[in-house]
Amino acid sequence: MHLKKTLTALTASTLMAGLLSTAALTVSGTAAQAAEVDGPKVKWLVSLWGARRGFTEGVEGLAEYLAAKTDGNFELSLQYGGVLSDPKENIDGLQLGAFEMATICSFYHPDKTPATTGLNLAFLPLPSFEAQAEVYGTYMQHPSVKAEWAKWNATPLMSALMPNYEIMGKGDVPAGLGDWEGKRLTASGGHAALMQAIGAIPSTVPAPDLYTTLERGAVDGIVYPYTYAFTAYRFHELSDWVTDHWGLGTVQCNVAANTDAYNALPDQYKALIDEAIPHAYEYQIAKYAEIDADSEKQFEERGLKRIPITDEIRTALQQAVAPSWQEWVDNANAQNLPGQELLDLILSTAAQAAAK
């Protein structure tokens, strides 16, 4: 939803109060008013896939904030359903200037953004969304990471935060370690290595194709962010079981702008984006809490069997983490990237975030 130019300052403030938290609205103790930031009319097309869901609430919050502060002059036109681009090709479309902004997940094309894939390693110590945002923000400023995005004429602005992953599937309930042997699971990034460690067979499938893949029995389960992704894509309607507090870690996706479009913005709009990002994160985190409450109710109504983690499975997963991290370091080094330096940056920044 975008605010119309004809809204008065009072109306804009009232609408925003229903969209953002009080903290997000307050700037120096004063609620946000319409047209606080003057500037030209700018409309950016934003390439997204699927429907609006927890994963996209950050960019939704960003769009609302920019529109409110500029009285609608700076508009992010959020295009869902992959109408502008397939998710695997968003980075190509951004490079070509087919649209001005997109959500981009490095695990869809690790060869294009290899340094960024370090943020997809499983079991990274990122227990909270706030820790994720801090680590991701620092990591994306590393010269090796910035250089690879520059090749794609792309400027990462913020991350699309995602919760820890769990596994949902149909058929026989895989309660013990041996029950996972041969299970066909969709898993991306470092999660694929974890699934192999418990005997499963991982593959990567684009999000829009997952429902049909599970429905046809081409896979037995899906490793995805808990809980929003399972209800957003209706996987729970097909499933019989779900892992319970396995906490497999998460992956990172960027909300990035076409560099030419970003550079063409007036300085006040660039500054406004920087100001808006913390509020967009707050907005997304609050939305996740609402979604989780509703999702858990749906899982209960569906009668999904909960699968607690066993000591045997936990040991297998933990033993797989260090080798998978080292494999990533070795692969990065082979591509003339500072693999160990990048991994150390993730871990040190995560430790700093945890200490706060």
Give me 238, 265 sorted ascending by neighbouring Cβ count inside 10 Å, so fewest comes first. 238, 265
Students often forget the sequence filter, so: which lysines lie under 24 Å Cα-Cα from residue 297 once same-chain residues fewer than 8 apart are removed? 170, 287, 305
Restricted to the chain, the DSSP antiparallel beta bridge percent, nearest 5, is 55 percent
Given backbone amide H placed at 1.01 Å from N, residues whose amide H is under 5 Å from that of residue 241, ignoring those fewer than 5 places away on the same chain, are 169, 305
Can you tell me which aspartates and glutamates have their Cα less than 16 Å from the Cα of residue 41? Leave out same-chain residues fewer than eight positions away. 64, 71, 75, 100, 267
Which is farthest toward the positive dipole end of the chain among 118, 207, 265, measuring Cα position about the Cα centre, with Cβ charges +1 (Lys, Arg) and -1 (Asp, Glu)? 265
Among 195, 140, rank each residue by its count of other Cβ atoms within 10 Å, from fewest to most, as a rough exposure measure. 140, 195
Can you give the charge dipole size of the chain about its Cα centre, rounded to the nearest 20 debye, using +1 on the beta carbon of Lys and Arg and -1 on the beta carbon of Asp and Glu? 480 debye
Most mobile of 225, 156, 143 per a Gaussian network model of the chain (Cα springs, under 10 Å)? 143
On a 0 to 90 degree scale, rounded to 10, what angle separates helix 267-302 from the longest Cα axis of the chain? 40 degrees
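Go through 112/151; 69/146; 88/151; 88/112 and tell me which ones have a Cα-Cα distance over 19 Å in this structure.
Check vs 19 Å cut-off fails for 69/146.
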Report the full-extension gain for the segment residue 271 to residue 38: residue separation times 0.36 nm, less the Cα-Cα distance, to one decimal in nm. 82.7 nm
Mind telling me which of 48, 76, 345 comes out most flexible in a GNM of the chain, alpha-carbon contacts under 10 Å? 345
For the chain, longest principal axis from Cα atoms; helix 339-354 axis from its Cα atoms; angle between them, nearest 10 degrees, is 70 degrees
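FYI, it's all coordinate maths here, none of it is from the lab. Owing to the predicted nature of the structure, the values given are computational and were not obtained by experimental measurement. Every residue, glycine as well, gets a Cβ built from its backbone with ideal geometry; the counts of neighbours run over all protein chains shown.
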